[in-house]
Amino acid sequence: MKAVLEKKENNKVFFNFELEAKAFEGAIQKAYLKNRSRFNIPGFRKGKVPRKIIEMNYGEGIFYEDAINILLPDAYEEAITELDLEPVDTPDIDIEEIEKGQPVLVKVEVDVKPEFKLGDYKSIELEKIEYNVTDEMIEHELKHVQDANARLLDASDREVKEGDIVTIDFEGFVDGEQFPGGTAEGYELTIGSNMFIPGFEEQLIGNKKDEQVEVNVKFPEEYHEETLAGKEAMFKVTIHDIKEKELPELDDEFAKDVSEFDTLEEYKNDIREKLEKEMKNQEEIETENRVIEKALEISEVDIPNGMVETQLDNEIRQFDYRLRTQGLDLEKYLELTGSKIEDLREQLKPAASNRVKVDLLLEAIVKEENIEVTEEDIDEELIKLSEQYGAEDKEEFIADMKKGDLEFIKTGIANGKAVKLLVENAKFN
């Protein structure tokens, strides 16, 4: 087969190729054999009607479309291989006039992977990112653990105060009418948590158990439910229970109860080490992101819309997967948020576009630097994956992974090396 490149405009190419007459005839025969049982013609048993008779009754081209669909996939792949093209989207295919016994001319228009013009990625200068663990951070972490281990004591013999946990029933009204989602029974609310509309929790302070309280508030102008945004509302609240937290003392006994350490000082040191590790990890991630961002700024690339749309499809699938892990799915999410799939795609489009740019950048650096992925690299990555997924038999996990396509893993390793190269060559002030 001979494929001919007609022209290239930016990232769009136009080319043509022919389906040979002999191959087309063979495909027509295959299409006939596959579909002949669909035709009922008087005088012939179903499935036994000769091809010529079907063509006389339904037209000579009755099997042409199926025949072309049989040939096209392999012929298209052969053409793009011959022309050394990397399509990034579904092609637009036009079939010229078909004549029996003649080759079929196929014209194709498709977006291809763009050329990425790298800037001077080895001379990037950035301000150094540095995070330090403070005593306040350690105290905050201790406070969180202390709060989680607090005892709840009955305080129904006094009035509600800041920090109490109250159990309430409430009914919400706007313009004298109850509104959806504004009613609950047996709801536990921590006073001062700011979980409710501003002003709601404060108006419960000073009231006692079994009292009914009228709470008047105003929904924020930017409230997520548009029908309530900026509206005045009144809640009828009944207080059923009041509890207060009794925090444990921050001493050695506390450290023994909540950790593996014998003293509070040892526990604090452990918290500091863990926070320092987290800060270091955050520094590395932010440094990598900023170096990549800078490398993109000094480079040039024109991304075909098809690449962004393909990435968007991936983003939507990943979003749906994350929802399912939380007991939802995409359809239910759109229903609950009152949005459409088009709205979600528009929301995710900037991230998808940036993801495509980053992938192209790293791919270009990998090619420019002749970065290679070794078997040792792959083994190390598979060991990490086996640990990440909690594989009981790591060797079996790795063996199974090696039976499949490792291209995705190889790409990830190569891209990781490219990012490391960017960071190592950057100058930090």
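Size of segment 1-83 along its principal axes in angstrom, Cα-based, largest extent first?
Principal extents (Cα only, largest first): 58, 18, 17 Å.
Report the relative contact order of the chain, percent, no decimals, based on alpha-carbon pairs under 8 angstrom and at least 6 residues apart.
Relative contact order, the chain: 16 percent.
Taking the alpha carbon gyration tensor of segment 276-420, what are the square roots of 5 times its eigenvalues, largest first, to the nearest whole Å?
28, 24, 16
Please determine, in degrees from 0 to 90 and to the nearest 10, the orientation of helix 135-148 with respect to the longest principal axis defined by the Cα atoms of the chain, where the helix direction is its Cα long axis.
Its long axis makes an angle of about 80 degrees.
Give the carbon-plus-sulfur fraction of the accessible surface of segment 315-420 in %, rounded to a whole number; probe 1.4 Å, heavy atoms of protein chains only.
Roughly 48 percent, rounded to a whole number.
So what does the Cα-only Debye profile of the chain read at q = 0.06, 0.09, 0.12 Å⁻¹, as log10 I(q)/I(0), no solvent term?
The calculated log intensity ratios at q = 0.06, 0.09, 0.12 Å⁻¹ are -0.54, -0.98, -1.26.
At R0 = 45 Å, how high is the FRET efficiency between K8 and H144 if r is their beta carbon distance? Nearest 0.05 is fine.
About 0.15, to the nearest 0.05.
Over the chain, average the accessible area per residue using a 1.4 Å probe and give it in Å², no decimals.
Each residue of the chain exposes 64 Å² on average to a 1.4 Å probe.
Which angle from 0 to 90°, rounded to the nearest 10, does the C-alpha axis of helix 394-403 make with the longest principal axis of the chain?
30 degrees
Starting from the eigenvalues of the Cα gyration tensor, five times each then square-rooted, give me the equivalent ellipsoid semi-axes of segment 347-424, largest first, whole Å.
For segment 347-424, the ellipsoid semi-axes come out as 26, 17, 11 Å.
Work out, in µm²/s and without decimals, the Stokes-Einstein translational diffusion coefficient of segment 154-290 at 4 °C, 1.567 mPa s, Rh from Kirkwood over C-alpha pairs.
Once the numbers are plugged in, D ends up at 70 µm²/s.
Which chymotrypsin sites (Phe, Trp or Tyr not before Pro) from segment 323-429 combine a DSSP loop assignment with at most 13 other Cβ atoms within 10 Å?
Y389
What's the angle, to the nearest 10 degrees (0 to 90), between helix 341-368's Cα axis and the longest principal axis of the chain?
Taking the Cα atoms of the chain, the angle to 341-368 is about 70 degrees.
Viscosity 0.692 mPa s, temperature 37 °C: give me the Stokes-Einstein translational D for segment 34-73 in µm²/s, with Rh taken as the Kirkwood radius over C-alpha pairs.
303 µm²/s
Would you work out the Kirkwood radius for segment 267-340? I mean one over the mean of 1/r across all pairs of different Cα atoms, in Å.
Answer for segment 267-340: a Kirkwood hydrodynamic radius of 16.5 Å.
If I stretch the segment between D405 and K236 completely, what's the gain in nm (0.36 nm per residue apart, minus their alpha carbon distance), one decimal?
That works out to 54.7 nm of additional length.
For E222 and E363, what is the calculated FRET efficiency with R₀ set at 60 Å and r taken between the beta-carbons, to the nearest 0.05?
Taking R0 as 60 Å, the efficiency between E222 and E363 is 0.90.
The values are calculated or read from the model by the stated rules, or taken from the named source; none is laboratory data. Fair warning: this is a prediction, and the values are worked out from it, not measured in the lab. Heads up, the Cβs are rebuilt from the backbone with ideal geometry, glycines too, and the neighbour counts pull from every protein chain shown. Ligands, DNA and RNA are excluded from the accessible area calculation, which covers all protein heavy atoms including side chains. Shrake-Rupley method; radii C 1.70, N 1.55, O 1.52, S 1.80 Å.
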